[in-house]
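**Student:** The structure follows.
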Amino acid sequence: MSALPIRILLVDDERDFVEMLSLRLAERGEHVMTAFSGRECLEILSREAVDVVILDIRMPGMDGIETLRRIKQAHPRVEVILLTGHGTTQTAMEGVRLGALDYFLKPADFEDLTARLERLRRTADA
Amino acid sequence: MADRLNSLRLLLVDDEAAFRAVLVKRMRRQGIDPFQAADGAGGLRILSRQPVDVVVLDVRMPGMDGIDTLREIKRRHPHTEVILLTGHANTREGLEGIQAGAFDYLSKPVDIDHLWEKIKQAFEKKAVLEALRQDSQYRLHMAQQMAASERLAALGTLAAGVAHEINNPLAIINEAAGYLGTLLQKPELEDVPYREGMVNAVGKIATGVARARTITHQLLGGVRPDSPGLARVRPDELVDETLALVRAEAEDKGIAVARQSPPMAAVWIEADRLRQVLINLLVNAIHATQRGGRIVVGIEAGDGRLRFSVADSGKGIPGENLERIFEPFFSDQPPGEGTGLGLFVTRQIVDRMGGTITVRSQVGRGTTMTVAVPHRCGDPGAARGPGAPVCGQEARP
């Protein structure tokens, strides 16, 4: 792959999901890091360069919306794509208002997700 | 009571023409024109042709006797009140009549004023019973409706909860199958035994996940975050746009689709949700309609509401299913076609819009689904003045 890999941080308490999706994204040549909680996500962000966080909304402890709020405070240039098994428009709208780039309902279509990442890569290149 | 008496439908059954004449003359003065019969069979014939409130029935007549006639009247027309005219001082006949369901009896010769009083009382009793019947039917109907909608709301909450819990494992299956698919495309695995079988199996997993996903996403309402709320649109244009989306599918099946409404002025309405509702109803209508059939979408405005009706000439819904069509997973289509969630979700969307959805159907003739939703008028300034379009009404050029 000639394009620069996107540095992705995948955050979800569903470990099997994180494992499988990260393997898939890595197969596409992206640089994938993983975290299993909001706290771990913020900890990684404080020491690693990340382009986009793919973030589950419903997690025990610090939930996705709170994590998103803190990401945007501490690292305003990091993009966030929200992911959830729940279809409430309100949460999604709140996320987008807080600065999330987009929102996908689980199980997300891989093509949709990668198309979104491609758009991100193009804006980053430009 | 006075003007209600004008509507009293009275039948007089007596073989004595002279007696009938006296009574009829008296009744006409009250503005009532009674039906007349000279015997029981004639009386029953009249009753079979039109409803009657009160029957004045002579017991002693040639042919079918009065008591038998009374029994037959009460059997066929239980809500009709009957006043018996018995022989002089014959209480046995009167008693028998009461037992057979007569309102009361008078012995001949009767005092006309007295009889008129009895007729009025019988009519009043019938009106009161009628009102009670309607009231209890109405209350029963309301209770059923409320029970049904509470049950649906509970089912909706449960279904959404289940859908959410299922989505997480479904996402794992989805990514795992996707990853397997990616691996199988690798050049190193090109010559691995059973590769084709594995590719095929992975494809089946993906198809199954997609099907399950359609169900869970539908249950969750599947509303995208970027869908705007209120928009100012012309209802007729909104319907035309929606029809354009389903026209190809309908025409493939040889079904004509059309809008039947005048051009309309723009209103503020939840356009996205409404479009979703109309699409769901149209897709259902297309499934239910045979080749050569027809689907018409109508729009009516009034009382701050817009009413959209989707009428098909399809197979119709049997009465026993009408109550169940809004339940989740109720479907008359084979498995795999139709999730059984379309109308369930549609109803939830309509509820969220503060609207109502109703269905009328006749087996073999077709079904009409009507959605009524509130709307707001556009810029009030633009809506004033001569020739200006009235909110939600026909637009005048």
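The values are calculated or read from the model by the stated rules, or taken from the named source; none is laboratory data. Quick caveat: nothing in here was measured; it's all calculated off a predicted structure. Virtual Cβ from ideal backbone geometry, glycine too; neighbours counted across all protein chains shown.
**Student:** Of the residues B:Val56, B:Val13, B:Val24, only one is touching a residue at least 40 places away in the same chain (Cβ under 8 Å) and farther than 15 Å from B:Gly101 by Cα; which?
**Tutor:** On inspection, the qualifying residue turns out to be B:Val13.
**Student:** Here's a check for you: in the range B:155-172, which residue that is surrounded by 18 or more Cβ atoms within 10 Å (Cβ to Cβ) and β-branched (Val, Ile, Thr) is farthest from the chain's Cα centre (by Cα)?
**Tutor:** The qualifying residue farthest from the chain's Cα centre (by Cα) is B:Ile172.
**Student:** Let me ask you something else. Kindly indicate whether A:Asp102 is within 14 Å of chain B (Cβ to nearest Cβ) and acidic (Asp, Glu).
**Tutor:** It is true that A:Asp102 is within 14 Å of chain B (Cβ to nearest Cβ) and acidic (Asp, Glu).
**Student:** Could you go through the range A:90-104 and let me know if any residue there is in contact with a strand residue (DSSP E or B) (Cβ under 9 Å, 6 or more places away or on another chain), surrounded by fewer than 16 Cβ atoms within 10 Å (Cβ to Cβ), at pLDDT 90 or above and not hydrophobic (A, V, I, L, M, F, W, C).
**Tutor:** yes
**Student:** Conditions first: (1) surrounded by fewer than 21 Cβ atoms within 10 Å (Cβ to Cβ); (2) within 10 Å of chain B (Cβ to nearest Cβ). A:Asp112 passes all but one, so which condition is the exception?
**Tutor:** Checking A:Asp112 against (1) surrounded by fewer than 21 Cβ atoms within 10 Å (Cβ to Cβ); (2) within 10 Å of chain B (Cβ to nearest Cβ), the one that fails is (2).
**Student:** Do we find that B:Pro262 is crowded, with 18+ Cβ neighbours inside 10 Å and either aromatic (Phe, Trp, Tyr) or part of a loop (DSSP other than H, G, I, E, B) (or both) in this structure?
**Tutor:** So B:Pro262 fails the test.
**Student:** Taking the condition of being touching a helix residue (DSSP H, G or I) at 6+ places or on another chain (Cβ under 7 Å), within 12 Å of another protein chain (Cβ to nearest Cβ), closer than 19 Å to A:Gly85 by Cα and outside any helix (DSSP H, G or I), how many residues in the range A:1-30 meet it?
**Tutor:** Selection size over the range A:1-30: 3.
**Student:** Can you tell me which residue among B:Glu196, B:Glu249 is within 29 Å of the chain's Cα centre (by Cα), in a helix (DSSP H, G or I) and more than 14 Å from chain A (Cβ to nearest Cβ)?
**Tutor:** From the options B:Glu196, B:Glu249, the qualifying one is B:Glu249.
**Student:** Picking from B:Arg273, B:Arg324, which residue would you name as being basic (Lys, Arg), touching a residue at least 24 places away in the same chain (Cβ under 8 Å) and in the same structural domain as B:Thr368 (by TED's automatic domain parsing)?
**Tutor:** B:Arg273
**Student:** Those residues that are in contact (Cβ under 8 Å) with a residue 60 or more places away in the chain and either of a type in the set (Gly, Ala, Ser) or not in a helix (DSSP H, G or I) (or both), I need them from the range B:125-134; list them, please.
**Tutor:** The answer is B:Ala127, and nothing else.
**Student:** Return yes when B:Glu175 is more than 9 Å from chain A (Cβ to nearest Cβ), over 37 Å from the mean Cα position of the chain (by Cα) and either at positive phi or at pLDDT 90 or above (or both) and no when it is not.
**Tutor:** No, not satisfied.
**Student:** Restricting attention to the range B:276-329, report how many residues are surrounded by fewer than 16 Cβ atoms within 10 Å (Cβ to Cβ), not aliphatic (A, V, I, L, M) and not in a strand (DSSP E or B).
**Tutor:** Residues meeting the conditions: 12.
**Student:** Tally up the residues in the range B:77-116 that are under 25 Å from B:Ala18 (Cβ atoms) and not in a strand (DSSP E or B), please.
**Tutor:** Going through the range B:77-116 one residue at a time, the tally reaches 18.
A quick yes/no check of all residues on (1) exposed (fewer than 15 other Cβ atoms within 10 Å of the Cβ); (2) among the aliphatic types (A, V, I, L, M); (3) in contact (Cβ under 8 Å) with a residue 12 or more places away in the chain:
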position	(1), (2), (3)
B:Gly63	yes, no, yes
B:Leu70	no, yes, yes
B:Glu81	no, no, yes
B:Phe103	no, no, yes
B:Leu106	no, yes, yes
B:Leu115	no, yes, yes
B:Phe123	no, no, yes
